[in-house]
Structure formats: C-alpha cells, structure tokens
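The structure appears below as structure tokens.
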Amino acid sequence: MDMESSPPPPPPEASVDCRGRPCRPRRHGGMRAAAFVLVFQAAQTMALAAVGSNLITFVFGELHFPLSEAANVVTNFVGTVFILSPLGGFLSDSYTGCFWTLLAFGVVELAGLILLSVQAHLPQLKSAPCNMLTMAGSCERASGFKATIFFVALYLVALGSGCVMPNMTAYGGDQFGGAAAMEKDAKRLSTYFNLSYFGFCAGELVALTAIVWAQTRYGMAVGFGLAAAALGIGLISLVSGVALYRNKPPRGSIFTPIARVFVAAYTKRKQICPSGSSNPANNGGAGEPERIADDNFRHANKFRFLDKACIRIAPEPDTEPESPWRLCTAAEVRQAKTLLAVMPIVACTIVFNTVLAQLQTFSVQQGSVMDTRLSSSSSSSFAIPPASLQAIPYAMLLALVPAYELLLVPLMRRLTGTRSGITPLQRIGVGLAVVALSMAAAALVERRRRDASVSVSGAGKNRLSVFWLVPQFLVFGVSELFTNVGLMEFFYKQAAAGTMQAFFMALFYCSFSFGFFLSSVLVSLVNRATAKGGGRGWLGYNDLDKDRLDLFYWVLAALSVLNFFCYLLCARWYNSGPGGLDEEGSSGEAVSEDDDDGKGLI
C-alpha cells in the first residue's frame, strides 16, 4: 500500500480584464475599481432593506394577512434571500464569474422590485381597505391572482438579492489580488472591508430613515419605487467600472473536488490509514507546496476517515493511475475538512439571526402601537415611522466601525499581542454574549408597554413612548458590530487559495437564512404549545395587548445564553489541533484562523 505522490497543483489563474486579457497592475483593480463595487453594494443594501424593513406593514395592513402569518411571510422571505446565497457563490466561483453573476441577478432583483411597486400602486391588485386592528371594514385576505403576483415579485427579489450578496464582497476583494495579494494589497484589502461594512451600514440607514419615511407618508408604492431606483443606480455604477475590474476566471465546479474526497474515502473505508507523518493526508506528497504541511493545518486530526481518500492501493507504480474519484490529493482532503470544520460555527450564529428577525417584525409592530411622537406635549409633533427604529443600530455602527478600527484594535493589539487586536472567533463570541441582553431588554420593555396599555380601558389607553424600544436596538447594534464583522473576516479567510471565496462568504449569509427560518418555526411552535382551552397562544392574536410577546422574548434570551455556551465549545474544538496555537502558521492556504496567538478563546 503506497502513499499518494501527487503532482504539484496548477498555479492560480491570473486575473483578466473584461476582454479576457491579463490584467495590468496600474490599470486594473485597486481601490479605484472597488469604488464602483462599493456604490453598487450600498445601493443594493438600501433597496433590500427598504423592502424587508417595512414589508410586514404592507402584508398586514394592505394584503390583510393575520399578524403571525405576516411575520412569517417576512422571515421566510429574508430566510430565502440568505439561503440562496450559496447558489450565487457556487455559480460565480464555478461557471459565470462575479461580474456576470452580479449583473444578471441584479436585473432579476430589479424586476421583482418593479413588480412590487406596481402591485402596491394598483388598488385592484390589493385587498379592499380595512383596519386590521379594529377589523372595521371587509378585511379579506389577499388570495388567488393577487397573492400570486405578490409572491412572484417577492421571490424574484429574494432570488436576485440572494445570489448577488456573497459576490459583492468577494468581487471587491478580487480587485486587490484576493488571497494571493502582496503585503501592500493586503493592507488595502483590509481598508476595503472597513469601507464595505461602512457602506452597508450607510445603505441600511438611508433605507430605514428616508425610504421608510416616504413609505409611511406617501405609501408603499413610493417606497418600493425608490428601492427600485436605488438598485438601478447601483447597476449603472457596476457597469461603469467594467473596464477597470480584475476578473477571476471560473475554474469549474467547486464541489467536485470535495465530492471526490467523500467518494474516495467511502470506497476505501476498509483500508487502514497510517498515523502521524506516514499519513498521506498529513504531508503534501511529492511536489506539493510547503503551505499545506501538517504543522500548519489545525484540522489534521479531525475527520480522520477522509484521510483514506489519499491512500494509493495500486500494486505497481507503473500501472494505470487511479481515478480522481478514488485517489485525491492532500490539498483536496484539507479543503473538505475545512468546509466541515466551519459548520459548527455557522450553526452557533443561527440564534443570533433569529433575534435579528424579531427586530424586523415584532419590534416594528410594537412601535406601531406606541406613541411615535418626538414630543408627547404636542399633538402635531413629528411622528417617527416604527420601521425606522431599525436604523438605530446602523446609525451607531457608522460611528462605532471607525472607532473600533482606530481605537479599540490598537488597544487590544497592545494588550493581547495579536496583530488584529482580537481574533475573528473572539469577536463572534463577544457578539453572541451581548445579544442575550438585547432580548432581555426587549422583554422588559414589552411587559411595561403591555401593562401600561391594558391598565386603562377604552380609547384612553396609556401608550408608552416609542423611545423605550431604543435600548434593545442599541444593544443589538453592539452585538452586530462584533458578530458580523467577525463572521465576515472568519469566512473570508477560510477560502482555500482564493478558489471558493464567494461560496465561503455565502456561508456568512446562510446563517442569516437559518436564523429567520428558525424564527418562523419558533413562532408556530410557541403558538401551538401555549394554546390552552381554545385560546390562540402567546402570539396568536392580532393585538399585542392580548399577545404575550414579552414571554416569547424571554424564551429567545434563554436560547441566546444557551447558544453562547455551545459556541464556546465549538470554537474551542475548532481551535484545537496542530496549528491551533500558531499565529503565523495559518497564512497561505487560509484553512485556519489567522492571528490566533494561543491566548484562549474569550
């Protein structure tokens, strides 16, 4: 039984321009090219946020879905957006490239936004007007052709935005040389990521203030139309930079090498795999680069059954070579192990995004039954659109992101000795610990709001000021700063040799998807479990004064605490292994977390 001696892998394909010619460093790429992508990213973020933030108002108030069903429509939509992101990453990395994926699916999203604005504008495509809170009028739920138009438009937006999102960040990174960037490009790449998240927050802020205000004042048709206009401007910006872009040529299916590893390992499942330095998966084999050596790969002792894919069982060296589906390279095995190793980290961020789902659904409805005036002393005071409360975290992040980079990172760098201040896994852990406080604050405020509202009967209800909702949004903003930035950096670094960057970035968005789907499941389960004596459960009424949203928030707070401790175990397991305590050893193949100095997890 011989160990596989594989030929050296082919060098990464050079980036090309729009005509397929090799890029020239002074003409293509860099921040000048990335600026066009940043504008597109901010515009696309603005368009999607404008739809998702106030969608529950449209579904509940104009299509007349019951409140719990309307909340599930929103969470299912957002979940679909994010669960489609691996499709966009796969198509881009494997076949179409980032630019054409962004352009094609951007047009699909634009078509959905235009159809939504048409439906919101035409009365014959909506339900007859009525007040869903008082049930005054004919509150008939939209069905048949009206519902079909709505869901077709909504899921065109979901398909387009889902396939666009992972490629925006990856395509911007490609302008700086990707994973193979020189030191100068690596610094500019870091600056790009800061600007990317800053642009994301700016797009969210504009959508949740200006566009939501326009939706509230002039109707949802205007809001959807503004979202379509913003995306149209973004597409124009994307196309305008086509002559400057560096394009990474697709290299065929990114899943085929991983599938080969599992097939080969299964067919050789009865083979005995050598241990230690004799293990073919623990060394590069003849001609393979030093960067995949055992001491640089922290997952070498995990998923050992996959190592059998590297065992050569041909009796003679001069016989016909084994099929790639029976004999894999060590690099392919390590890529498969890396993909499996990050899955527990993805799973531990699901509950975090379930909390985000509540801030986009039930918290908006909370604001709609509270006093939205800036000043309670004047009846003519400016009223705050409830959906605009979601802008609070992003307004704070616009200030916190530069402060984090300029103040906190240098301080933590001096305290920990780590180049990045704190590692991506540590950032994620801080965010997951803080998010439970957001739900605790939300539960306390909802209990106070409900008690104040039901304490006075009739039209004289005592409505609490909408500013009581600010703490839960502020705390979540801090949590989002640590969790999302940490996740983006963590997943981007897992892209092996720059061949799966878009797909690994899609994993970041997948955690959003699973979180929003979990929210829908929890709403249904809680309603079913708490329905007693013919009642409708904690969230079964269309009236928050009858619902027990505060208890539902406490359930989420408890789940967040439990999830944090699960994350600690998963992160410690991820960091275990030969390269887990080596700060410098994980650079190169990007199969482990850079800048880990071995000082623990949290």
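The values are calculated or read from the model by the stated rules, or taken from the named source; none is laboratory data. The structure displayed is predicted, hence computed values, not measured ones. Glycine gets a Cβ as well: all are built from the backbone with ideal geometry, and neighbour counts include every protein chain shown. Ligands, DNA and RNA are stripped out before the accessible areas are found, and what is left, the full protein with its side chains, is counted by its heavy atoms. Shrake-Rupley method; radii C 1.70, N 1.55, O 1.52, S 1.80 Å.
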ask   = Within the range 544-562, can you find the residues that are open to solvent by 20 Å² or more (accessible area, probe 1.4 Å) and assigned to a helix (DSSP H, G or I)?
value = L551, W554, V555, A558, L559, V561, L562
task = Take the residues in the range 215-266 that are among the polar types (S, T, N, Q) and surrounded by fewer than 16 Cβ atoms within 10 Å (Cβ to Cβ), then tell me which one is nearest to F99 (Cα to Cα).
result = S240
note = Residue pairs qualifying under the 8 Å Cβ cut-off, at least six apart or on distinct chains, with the first in the range 356-381 being closer than 16 Å to F77 by Cβ and of a type outside the set (K, R) and the second being modelled with pLDDT under 75 and not in a loop (DSSP other than H, G, I, E, B), are L359/Q390; Q360/Q390; V364/P386; V364/A387; V364/L389; V364/Q390
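Collect the residues in the range 84-112 that are under 11 Å from M165 (Cα atoms), in contact with a Gly (Cβ under 8 Å, 6 or more places away or on another chain), open to solvent by 10 Å² or more (accessible area, probe 1.4 Å) and assigned to a helix (DSSP H, G or I), keeping them in residue-number order.
Step one: of the range 84-112, the residues under 11 Å from M165 (Cα atoms) are 84-89, 98, 101-102, 105-106.
Now drop any that are not in contact with a Gly (Cβ under 8 Å, 6 or more places away or on another chain), which leaves 84-85, 87-88, 101, 105-106.
Right, trim to open to solvent by 10 Å² or more (accessible area, probe 1.4 Å) and you get 84, 87, 105.
Correct list: L87, F105.
Which of the residues spanning the range 12-34 are open to solvent by less than 40 Å² (accessible area, probe 1.4 Å) and either out of contact with any strand residue (DSSP E or B) (no Cβ under 8 Å at 6 or more places or on another chain) or not hydrophobic (A, V, I, L, M, F, W, C) (or both)?
Kept after step one, since they are open to solvent by less than 40 Å² (accessible area, probe 1.4 Å), are these residues of the range 12-34: 15-17, 23, 28-30, 33-34.
Across the range 12-34, the qualifying residues are S15, D17, H28, G29, G30, A33, A34.
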ask   = Would you pick out the residues in the range 21-46 that are among the small types (G, A, S) and free of Cβ contacts under 8 Å to residues at least 12 places away in the same chain?
value = none
